[in-house]
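Taking it in order: structure first as structure tokens, then the write-up.
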Amino acid sequence: MVTQHFEQRTREVIDSLKAICAAYGLGNDGNEFKIITQVFLYKFLNDKFALEAKRIRPELAKAESWEAAIAAMSADELNMLQMQLGPDTARLKPEHFIAHLFGRQNAPEFAKLFDDTLRDIAITNNDIFAVKTDGGAKITLFDRVSEFITDPSKRDAFCRAIINKLGDFSFERIFNEKYDFYAALFEYLIKDYNKDSGGKYAEYYTPHAVAKIMAAILVPESVRGKVNNVSCYDPSAGSGTLLMNIAHAIGEHRCSIYSQDISQKSSSLLRLNLILNNLVHSIPNIIQGNTMLHPYHREGKALKKFDYIVSNPPFKMDFSDFRNELDTKEHQDRFFAGVPNIPKQAKDKMAIYQLFLQHIIYSLKPGGKAAAVVPTGFITAQSGIDKGIRQHLVDHKMLAGVVSMPSNIFATTGTNVSILFIDAANKGDVVLIDASNLGTKVKDGKNQKTLLSEAEEDRIIATFNAKQVVEDFSVVVSYADIAAKNYSLSAGQYFDVKIEYSDLTPAQFADKLQGFATRLDGLFKESAGLEQEIKKQLAGLRYEA
């Protein structure tokens, strides 16, 4: 009940912030998501600091105002408190607290005070919370949010409206909630900002079913709690759904997250996701930049190798501007199967997922595991780069299997998708699952999408992890079997062709044949009649000038 109550209250705060933005002309504005996510984060960090401070100094919890009690501390006492805070807690000063701003909301130039406060928090905590670009620039935690309001005369009122929505309740009682609580909260927070905007670098939210299946197969129940000190990487992370799921399966403090994504918005959302999910220690590994052209994570001069890789890469995109730069000897080992050509008629149809897949395979440690969403056409293509990648996986015995998902599992795209599982340690058989007939179709706005039930998700996971053969659903095949089928990874091509037999007596068999013969005689006579009729009609045709 406590969780439901706080989830409802949190959603009300988010809705209130969105209503304020709409009232000041920022509804559906490109900057709205920055304001909503940054103000929400300010609230979250403020309350997390309060929780930690009260844990270290229990007398603060008994004070009428913990903020006033901290403000009354000497400089030495405050420094000692700051030093005892955990590494994932922002260092705040008394003038940073929400209560401090709330008490000064009627002061002149309140918007400037609001912005200066957020900027000072960002600068004070830059080493912990800044995201880097592949060029080395640091993107700080907070912008000057009031400056997104075009009319300066309205900025004080805008910031006043915001601060009045932040003090109503505290997150303190729900910081120890489990991952699922924050996953749902994060999704609600960004639901209006993570859609296909039709731009060059459109982002798609990865469905829960895909994220759950990936994590449960890469990190099955039998090894949970035993995996430790591993690296998890997503070269096209988006808002981090896949990374959060695998980090949750391994244990947030047992792994380090690494990512790179070209989108500024995705990097900001991923940072927020990490903060909400106790993964602040991985924020320095979040890089904004072009993974294909400038892969950032390295060990010395060589690209860094990872224990786990997850990805839902973009399938098609115009990368004609840097295509030739990748098709060079320098990148030959990474893009072993080739660099896609530029289509003559539609440059935006370039198959960039082929580059991401090769980058993932190249970035995997010996014995590492990976899972990637691919267009289903990839698993059966008869030639070209797709087949080259599959042949590499089979010939090097580094494949775990494939799950072909139902159509419309992504509401935003009609492309059928499969999940490719790579396991560099698997020298045994491979599992191929055809889950295309599962799920329930529902309307999602103008689109149709397919939802898998929890039981269907669990069926896919259990079948894959147990390497079970299930009629018309799954097969278990050897690498040699796959090579003999032109490296096809489609389960349907390995299903047995069923021939139904029935027992007949000699007399019944003779009757059947006689019936076929009689039927055939009738068809022949009908054909002869039609032939005569056609000739007769043709003979009756006359030329008319």
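Quick notes
- Global form of segment 75-137, assessed from the alpha-carbon gyration tensor, a/c cut-off 1.5: oblate
- Exposure here means at most 10 other Cβ atoms within 10 Å; with trypsin sites (Lys or Arg not before Pro) in a DSSP loop as sites, the longest stretch of the chain lacking them is 1-177.
- Relative to the longest principal axis of the Cα atoms of the chain, the long axis of helix 264-276 makes an angle of roughly 70 degrees.
- Entry comment: accessible area of the chain is 49 Å² per residue, from protein heavy atoms only and a probe of 1.4 Å.
- Carbon + sulfur, % of accessible area of segment 200-330 - ligands and nucleic acids excluded, 1.4 Å: 46
- For segment 430-545, the carbon plus sulfur part of the accessible surface works out to 55%, probe radius 1.4 Å.
- For the chain, the antiparallel share of DSSP beta bridges with both residues in that region comes to about 55%.
- Annotation: extensible slack from Lys138 through Ala68 equals 21.9 nm (criterion: 0.36 nm per residue apart, minus Cα-Cα distance).
- Surface calculation, 1.4 Å probe, protein heavy atoms: Ser527 sits at approximately 60 Å² accessible.
- Rounded to the nearest 10 degrees, the inclination of helix 155-166 to the longest alpha-carbon principal axis of the chain is 80 degrees.
- Estimated vicinal HN-Hα couplings, Hz - segment 453-466 in sequence order (Karplus 6.51, -1.76, 1.60; Gly, Pro = x): 6, 4, 5, 5, 4, 5, 5, 4, 4, 5, 5, 5, 5, 8
- Measuring nothing but protein heavy atoms, the accessible surface of segment 30-87 at 1.4 Å probe radius is 55 percent carbon and sulfur.
- When the surface is traced with a 1.4 Å probe over the full set of protein chains, Glu456 keeps roughly 40 Å² accessible.
- Centre-to-centre separation between the Cα atoms of segment 159-173 and those of segment 23-85: 11 Å.
- In order along segment 481-486, the phi-based Karplus estimate (6.51 cos²θ - 1.76 cosθ + 1.60, θ = phi - 60°) of 3J(HN,Hα) comes to 4, 5, 4, 5, 9, 6 Hz; Gly and Pro are listed as x.
- Nearest-ten-degree value, helix 384-395 long axis tilted from longest Cα axis of the chain: 80
- Label of the coordinate-derived value, volume of the Cα convex hull per residue in Å³, listed as (1) 195; (2) 258; (3) 163: (2)
- Charge context of Phe148, other residues only, Cβ under 10 angstrom, K/R +1, D/E -1: -1
- Within a straight-line Cα-Cα reach of under 14 Å, Lys512 can be paired with the following aspartates and glutamates, leaving aside sequence neighbours fewer than 8 residues apart in one chain: Asp503.
- Restricting segment 1-44 to chymotrypsin sites (Phe, Trp or Tyr not before Pro) in coil, as DSSP defines it, with at most 12 other Cβ within 10 Å: none
- Mean residue ellipticity at 222 nm, helices only, the chain: -13000 deg cm²/dmol; runs of at least 4 DSSP H residues each add -39,500 (n - 2.57), and the sum is divided by the number of residues.
The values are calculated or read from the model by the stated rules, or taken from the named source; none is laboratory data. Bear in mind that the values here come from a model prediction, so they are computed numbers and not experimental data. Neighbour counts run over all protein chains shown; Cβ positions are idealised from the backbone, glycine included. SASA here: full protein model, heavy atoms, side chains in, ligands and nucleic acids out. Shrake-Rupley method; radii C 1.70, N 1.55, O 1.52, S 1.80 Å.
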